[in-house]
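Since every read-out is calculated from the coordinates, none of them should be taken as a lab result. Everything numeric here is computed off the predicted structure, so don't read it as measured data. Cβ placement follows ideal geometry from the backbone for every residue including glycine, while neighbour counts extend to all protein chains displayed.
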Amino acid sequence: MSSDAEFDEANALSTAEKTAAPSTPTKRKRFVWSKGMIECLLSLRLGAMASSFNGSRSVAQLSAAWERLRLKFALVQAVQIETAQLKNKYQALKNKFSTIKLAESDTGNNGLGSVNFDQSVHSDSSKRKAEVDAEIERQREQRRKKEKVDIGQ
């Protein structure tokens, strides 16, 4: 008898759980990307697996390629991550890169090399003057050579 009562009680609890209002989904913690993870993502996407993504691919082929990338990324980095997170990060990096490249072409801030934007760089004016003078002399020499060409007069 007691087993039937326990069964009825357990059944009543499971029915109550099913009819209760759905619990609010817990929001997942934001994934924190390290520099190494970003480098790994870019090296896999643009290097080792680039041929899987290049060319005309169907949605199914691209989905399979992203899934393979996710598996390789998970093996290398020892983290569990969803394919959508990888895609979103890659798109965000592409957008950021495009924005920076566009800003460089607009402002002329290219050729800075390893100089960070918060550092100040003072050029050695005498070195620059020597380089400019050498270039001017080289161009004059080329002009003189062209003027001396005799075409049979």
Query raised in the report: In what sequence, highest mean first, do 64-73, 137-146, 84-93, 34-43 appear when ranked by Cβ atoms within 10 angstrom?
Result: 64-73, 84-93, 34-43, 137-146
Requested in this report: Could you run the Karplus curve 6.51 cos²θ - 1.76 cosθ + 1.60 with θ = phi - 60° over segment 132-138 and give me ³J(HN,Hα) per residue in whole Hz, x for Gly and Pro?
Outcome: 5, 4, 5, 5, 4, 5, 4
**Report entry** Filter on K35/K89; K29/K89; K72/K94; K27/K87 - keep pairs with C-alpha separation over 24 Å
**Finding:** none
Query - Cα-centre dipole for segment 32-107 with unit charges at Cβ (Lys and Arg positive, Asp and Glu negative), debye to 20 - result: 120
Query raised in the report: For the charge dipole of segment 32-107, defined by +1 on Lys and Arg C-beta atoms and -1 on Asp and Glu C-beta atoms about the Cα centroid, which residue among S105, I38, G55 has the Cα displaced farthest towards the positive pole?
Result: G55
Query raised in the report: What is the log10 of I(q)/I(0) for segment 32-107, computed with the Debye formula using one identical point scatterer on each Cα and no solvent, at q = 0.17, 0.18, 0.21 Å⁻¹?
Result: -0.69, -0.76, -0.96
Query - Exposure proxy ranking, count of Cβ atoms within 10 Å, fewest first, for T83, T26, T99 - result: T26, T99, T83
